Amino acid sequence: MKMKKVLAFGLSAAMGFSLAACSGGGNGEPQAAASQPAGTQSSQAQAPAQGDTAGAAQEITLWTYPIGNWGKEDAVKALTDAFKADTGISVQVEYLAYADGDDKVNSAITANNAPDLIMEGPERLVANWGASGYMVDLSDMLTDQDRAEIQESVLTACTAPDGAVYEYPLVMTAHCMAVNVDAFKAAGADQYLDLETHTWTTEDFINAVEALYAHYGETVGAVYCAGQGGDQGTRALVNNLYGGTFTNAEHTQYTWDDPLNIKALEQLKSMEGIAFDASLAGGDEITKFYQGVLKMAFCWNIAQQLDPNTAGTGAEKTITGEQIAFMGFPSESGEPALQGGIWGFGIFDNGDPARIEAAKTFINYMANSEHTVDAVKTANYFPVRSAAGGVDLSTIWADNEIMDEYQVLMPYLGDYYQVTSGWAQARTSWWNMLQKVGEGADIASTVASYAAEANAAAK
């Protein structure tokens, strides 16, 4: 393995945000979207798209973070047993936790004992270990057909600036917001919702908030800013409202002082019915939404949509039984650019061609074959590609009405800017900035000041 200095910047706290948990926990551990492991198909493996198993190692190691049921031994064993039966290659699996997983990986790298395969997202595989020279470039595994089938925003996130692909993606999700449909109907604001596309315009959003406030006479939506928990929601709200950006395209600079972001913050601050609330983090906002106190939530994802809530009234219901609908964030065009998570496989360059070949065989089996359905459903998220191994993946969740409906948001996954340097400080600066805006500070100068703070950390 190419040995460079291991990056020691507390990734478990700084980079494990991908599905941050709108729970407000802030550890970034992905929440399973469904509780049941998928059954595995018993059929002959598709011939690997890359290479041949002849001459490959007969045993490899996989370390996986808890990405849905890929963090559960029984579910993963079903997949690896099928893989061994079809290829003859056995897989030894170690299950990582976000609390100390990065430390274990970094220690293994230092000891020249890194696993062959690792499962996680671009913030680790591309921006950290890939950028440090530890990962195998997987671009030779991607045919023109693969590139056509994989969603462009996903492939971009898995690709380093020099064109190397350090993550072969498997699954994705998108964060969104939610509305209390019954409350909207009572206020006559349901006319501004498109519950087929689950999208709306900025104008529709403003009109809906005005109607809700006129009916209820109180706060209906909260720009929560007690901490970084669920901060993807406030970022997406501000950036989408008028088309502002969070970073530049190269992911080298934070661009919060984009005039379109200033415009968005000014709009939100001026709206009766929208409050900047320094007492709430993302999980707190969700609780108040479930209680019916808030009529919309900006911190939402598939885990919440499936959650029967503490009162047990059922999925897609508040604790009093009111209907919940997920919505993309409002934008002028009605087509949002959503934040989300992307997870897949990377290969550590341990200098053993046979093990690298076997690891590629594993990736193709799980992410580009007839077995991809099982691998995706084990993750409990959504496929990153339209088809794999000749199998149409568009109907993968046809047996789960909520998952199937939620898929409508996946094409709206936007720029994966979470790979930008200085991310930990940027997240802290963001919610501190929102607090100051909520206190009445001048918006333009406040945003400029905190953006400068984030950019200082990015250098």
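Inside the stretch 242-270, residues that are within 20 Å of the chain's Cα centre (by Cα), buried (at least 24 other Cβ atoms within 10 Å of the Cβ) and hydrophobic (A, V, I, L, M, F, W, C) make up a count of 1.
The residues of the stretch 216-234 that are farther than 17 Å from Met271 by Cβ and in a loop (DSSP other than H, G, I, E, B), listed by number, are Ala226, Gly227, Gln228, Gly229, Gly230. Against the numbered list (1) within 12 Å of Leu434 (Cβ to Cβ); (2) in contact with a Gly (Cβ under 7 Å, 6 or more places away or on another chain), Arg235 comes up short only at (2). Residues of the stretch 392-411 that are within 19 Å of Cys176 (Cβ to Cβ) and assigned to a loop (DSSP other than H, G, I, E, B): Trp397, Asn400.
Listed by first and then second residue, the pairs linking a residue in the stretch 251-267 that is on the phi > 0 side of the Ramachandran plot to a residue that is β-branched (Val, Ile, Thr) and in a helix (DSSP H, G or I), with Cβ atoms under 6 Å apart and 6 or more places separating them unless they lie on different chains, are His251/Val419. Filtered by the rule that a residue be farther than 22 Å from Pro66 by Cα and hydrophobic (A, V, I, L, M, F, W, C), the stretch 414-437 gives Ala426, Trp430, Trp431, Met433, Leu434, Val437. Leu62 meets all of the listed conditions (1) assigned to a strand (DSSP E or B); (2) crowded, with 24+ Cβ neighbours inside 10 Å but one, namely (2).
The set of residues in the stretch 271-287 that are closer than 23 Å to Glu439 by Cα, under 23 Å from the mean Cα position of the chain (by Cα) and not in a loop (DSSP other than H, G, I, E, B) comprises Gly282, Gly283, Asp284, Glu285, Ile286. Only one of the listed residues (Leu237, Leu268) is more than 21 Å from Ile324 (Cα to Cα), among the aliphatic types (A, V, I, L, M), assigned by TED's automatic domain parsing to the domain that holds Ser333 and part of a helix (DSSP H, G or I). That residue is Leu268.
Across the stretch 68-93, the qualifying residues are those that are of a type in the set (A, V, I, L, M, F, W, C) and in a helix (DSSP H, G or I), and the one among them that is surrounded by the most Cβ atoms within 10 Å (Cβ to Cβ) is Trp70. Taking the listed residues Thr361, Thr378, the one that is within 21 Å of Ile60 (Cβ to Cβ), β-branched (Val, Ile, Thr) and over 21 Å from the mean Cα position of the chain (by Cα) is Thr361, with no other qualifying. Does at least one position in the stretch 107-124 carry a residue that is in a loop (DSSP other than H, G, I, E, B), among the basic types (Lys, Arg) and in the same structural domain as Val376 (by TED's automatic domain parsing)? So far as the stretch 107-124 goes, no, none of its residues is in a loop (DSSP other than H, G, I, E, B), among the basic types (Lys, Arg) and in the same structural domain as Val376 (by TED's automatic domain parsing). Right, Thr310: over 18 Å from Val220 (Cα atoms), among the β-branched types (Val, Ile, Thr), surrounded by fewer than 24 Cβ atoms within 10 Å (Cβ to Cβ) and free of Cβ contacts under 8 Å to residues at least 60 places away in the same chain or not? Answer is yes for this residue.
Put simply, of Gly51, Gly55, Gly133, Gly39 the only residue that is modelled with pLDDT of 95 or more and either part of a loop (DSSP other than H, G, I, E, B) or acidic (Asp, Glu) (or both) is Gly133. Ala99 meets each of the listed conditions (1) crowded, with 16+ Cβ neighbours inside 10 Å; (2) touching a residue at least 40 places away in the same chain (Cβ under 8 Å) apart from (1). Considering only residues in the stretch 383-440 that are charged (D, E, K, R) and crowded, with 17+ Cβ neighbours inside 10 Å, the one that is nearest to Ala325 (Cα to Cα) turns out to be Glu405.
Screening Thr378 with (1) among the polar types (S, T, N, Q); (2) under 22 Å from Leu260 (Cβ atoms); (3) surrounded by 20 or more Cβ atoms within 10 Å (Cβ to Cβ) gives one miss only, at (2).
Taking the condition more than 30 Å from Ile109 (Cβ to Cβ) and either crowded, with 19+ Cβ neighbours inside 10 Å or not charged (D, E, K, R) (or both), does Gly328 pass? For Gly328, the condition - more than 30 Å from Ile109 (Cβ to Cβ) and either crowded, with 19+ Cβ neighbours inside 10 Å or not charged (D, E, K, R) (or both) - is met.
The values are calculated or read from the model by the stated rules, or taken from the named source; none is laboratory data. Predicted model, so just to flag it, every value in this text is computed and none were measured. Quick reminder, even Gly has a Cβ in these numbers, built from the backbone with ideal geometry, and neighbours come from all protein chains shown.
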